[in-house]
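**Q** Once you've had a glance at the structure underneath, I'll fire off some questions.
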Amino acid sequence: MAMSLGACQARHETLGLPSQEQPECHAVSCWEDFVYGEEDFVLYGVGWWRSRSEGPATRTMSRFDRALQSGWEERMKLGLFRYHLGELQTRILPGNVRFVAQLNIQRGLERRKPQDIQSVRQKFDPQQFHFNKIKPEEILFHMVRAPTPHPPSRGCSQFQGGPLESKLPGTPDCILVVINISPLEFGHVLFIPDPALCLPQILTQELLQFGLESVLLSAHLGFRVGFNSLGAFASVNHLHLHGFYLDWELLIETAPGEPLCPTLNFHFLQGVPAPGFLFYSEREGLGALAHNVCRVTDYLVDKEIAHNVFVTRGTAPGESSHSETRSGIRVLIWPRRSCFGSKGEAAFNVALCELAGHLPIKTAEDFQSLTETAAINIIQRYLLPEPQLSQLRGQLVTLLTE
C-alpha cells in the first residue's frame, strides 16, 4: 500500500517546512505506509520461555516484525548496506552480569565517521551528513499511527505531569523507518521524524512515543529501541532513534529499582554495572510516559549532561527477577560523562547498547579475551561521579513532583 507522492508532499507541508524554504534540507522520497493502531500491540504471551543458558530464543512474528524483517532482508540482498551482516559470533561473558558480547569487526571499520560534536545542544549543520541525503531505497516504510476513533480512557493515574492522549496536538502522524547501513545486529533500523525538519539530536516526546509503540508492536522480546545524545556517541546530529533485534536476555530487563517517584513509576536502577534512572509502564499512558522521560532528558540537555536511553520489555521493578514474562516497558536513562572528540575505547565504545549489557566488539582479540571485570571497568569510566549522580537524583525528583 504505497503512499502517493502528493500525499507525502502534503504531509511534509502539514509539518510546516516546505523544502523551498530550506534548500539544504530536502525531504526524501516516499515509500510504503505501515498503518497501525493499539489493536496491533502484542500485550500478552511475550517472554523468553527458556533459561538464560539455552541460547537464542525462537523468533515469533507480528505484522510489524514481518514488515521490518522482510524489507530489511531484501535490502541486504540488494547490497544497500556497507557490509553483509550474517549471524554474529556471540559470547556470554562469565559472571553475574552475563554481558552479551558480539564480534562485529566490519561495523568498527566501515561505519560512518562520527561528526565533530562539541555540545549536547549543538545545532543541526546542513553541511554535515544528514538523513535528507539517504537513498530512497534505504527507507523500509512510513510508520503511521491510525487515528483513534474514541477518546482514550483517563483512568490511568500512575502518570502525572503530561497528557494521556495517544496523539498530541501537532504530533506528526508518521515517521520514517530506515535501514542503518552499518548494522550492529539483525534488523537494525533508524526511526526518523520528517527529515526536512532538520531537527538536532535532542530527544522529543513525539519520536519517543513511536519508539515505545514499536516495542509493543513487535512480538519479539528482543526488539529494543534506543537513543544516544550528542556527547554520548551519537554519530549524526539529526534526530533519530535506533531499533534492532537482540536474541539474548539482558540483566536490565529484571534488575531491581529503588522507588523515587512511585506515582510516576520512576525508579533508580540498581544491581547493574551502570546505575541509572528507570521509568516503567504496562501499556497504558504511553504519551504520558514519553512526556515524563523527555522532561528528564530535556533537563539533562539544559545542564549539558550527555545521556543514553534504552527501551525494552521488562518486569515491574519490584517483580521477581526470575519471572519469565515481560509484562511492561522499561525506559532506562543513563546520564554520563560527555565524550566530545573522543575516539572511544579499543574494545567497544560506551553508548546505549553497552550500558544495557550488549557489547558489540571491534576485534577478534578483544572478543576472545574480554572479561566481565574488564568490561565493567570500561563502562564505569563513562559514568557520572557518584556525588554528581546523587545530586542529580534529588534534582530530578524535584523536577518531576513540581
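The values are calculated or read from the model by the stated rules, or taken from the named source; none is laboratory data. Just so we're clear, the structure is a prediction, and the values are computed from it rather than from any experiment. Cβ: placed from backbone, ideal geometry, glycine included. Neighbour counts: every protein chain shown. Protein only, heavy atoms only, side chains kept; ligands, DNA and RNA dropped before computing areas. Shrake-Rupley method; radii C 1.70, N 1.55, O 1.52, S 1.80 Å.
**Q** Given the criteria modelled with pLDDT of 90 or more and either of a type in the set (S, T, N, Q) or open to solvent by 20 Å² or more (accessible area, probe 1.4 Å) (or both), does residue 126 qualify?
**A** For residue 126, the condition - modelled with pLDDT of 90 or more and either of a type in the set (S, T, N, Q) or open to solvent by 20 Å² or more (accessible area, probe 1.4 Å) (or both) - is met.
**Q** Another question about this same structure. Restricting to the stretch 203-217, count the residues that are among the polar types (S, T, N, Q) and in a loop (DSSP other than H, G, I, E, B).
**A** 1
**Q** Conditions: (1) under 19 Å from the mean Cα position of the chain (by Cα); (2) of a type outside the set (Phe, Trp, Tyr); (3) closer than 22 Å to residue 243 by Cβ. Residue 379 meets all but one. Number of the miss?
**A** Looking at each condition in turn, residue 379 falls short on (3).
**Q** Continuing with the same structure: For the structure I just gave you, tell me whether residue 94 is out of contact with any Lys or Arg (no Cβ under 9 Å at 6 or more places or on another chain), open to solvent by 50 Å² or more (accessible area, probe 1.4 Å), at pLDDT below 70 and over 26 Å from residue 203 (Cβ atoms).
**A** no
**Q** Name, by its number, the condition in (1) surrounded by fewer than 22 Cβ atoms within 10 Å (Cβ to Cβ); (2) outside any loop (DSSP other than H, G, I, E, B); (3) acidic (Asp, Glu) that does not hold for residue 284.
**A** Going through (1) surrounded by fewer than 22 Cβ atoms within 10 Å (Cβ to Cβ); (2) outside any loop (DSSP other than H, G, I, E, B); (3) acidic (Asp, Glu) one by one, residue 284 breaks only (2).
**Q** Go through (1) in contact with a Ser or Thr (Cβ under 8 Å, 6 or more places away or on another chain); (2) aliphatic (A, V, I, L, M); (3) open to solvent by less than 10 Å² (accessible area, probe 1.4 Å); (4) not in a helix (DSSP H, G or I) and name the single condition residue 278 misses.
**A** So the condition that residue 278 fails would be (1).
**Q** Inside the stretch 237-253, can you point out the residues that are of a type in the set (A, V, I, L, M, F, W, C) and open to solvent by less than 10 Å² (accessible area, probe 1.4 Å)?
**A** 239, 241, 244, 246, 250, 252
**Q** Only residues that are crowded, with 21+ Cβ neighbours inside 10 Å and of a type outside the set (A, V, I, L, M): list them for the stretch 254-272, please.
**A** 257, 265, 266, 267
**Q** Can I ask one more? Across the stretch 218-247, what is the total count of residues that are over 11 Å from the mean Cα position of the chain (by Cα) and part of a strand (DSSP E or B)?
**A** Residues that pass the stated criteria total 1.
**Q** Continuing with this model, one more query. Scanning the stretch 75-87 for residues that are open to solvent by 30 Å² or more (accessible area, probe 1.4 Å) and of a type outside the set (D, E, K, R), which turns out nearest to residue 274 (Cα to Cα)?
**A** So, considering only residues that are open to solvent by 30 Å² or more (accessible area, probe 1.4 Å) and of a type outside the set (D, E, K, R), the one nearest to residue 274 (Cα to Cα) is 86.
**Q** Only one residue in 43, 68, 17 is among the aliphatic types (A, V, I, L, M), modelled with pLDDT under 95 and closer than 30 Å to residue 126 by Cα. Which one?
**A** 17
**Q** In contact with a His (Cβ under 8 Å, 6 or more places away or on another chain), at pLDDT 95 or above, under 15 Å from residue 226 (Cβ atoms) and not polar (S, T, N, Q) - does that describe any residue in the stretch 354-373?
**A** Within the stretch 354-373, none of the residues are in contact with a His (Cβ under 8 Å, 6 or more places away or on another chain), at pLDDT 95 or above, under 15 Å from residue 226 (Cβ atoms) and not polar (S, T, N, Q).
**Q** Could you grab me the full set of residues in the stretch 74-95 that are in contact with a helix residue (DSSP H, G or I) (Cβ under 9 Å, 6 or more places away or on another chain) and either closer than 14 Å to residue 189 by Cα or part of a loop (DSSP other than H, G, I, E, B) (or both)?
**A** 75, 78, 80, 81, 82, 83, 84, 85, 89, 93, 94, 95, listed by residue number.
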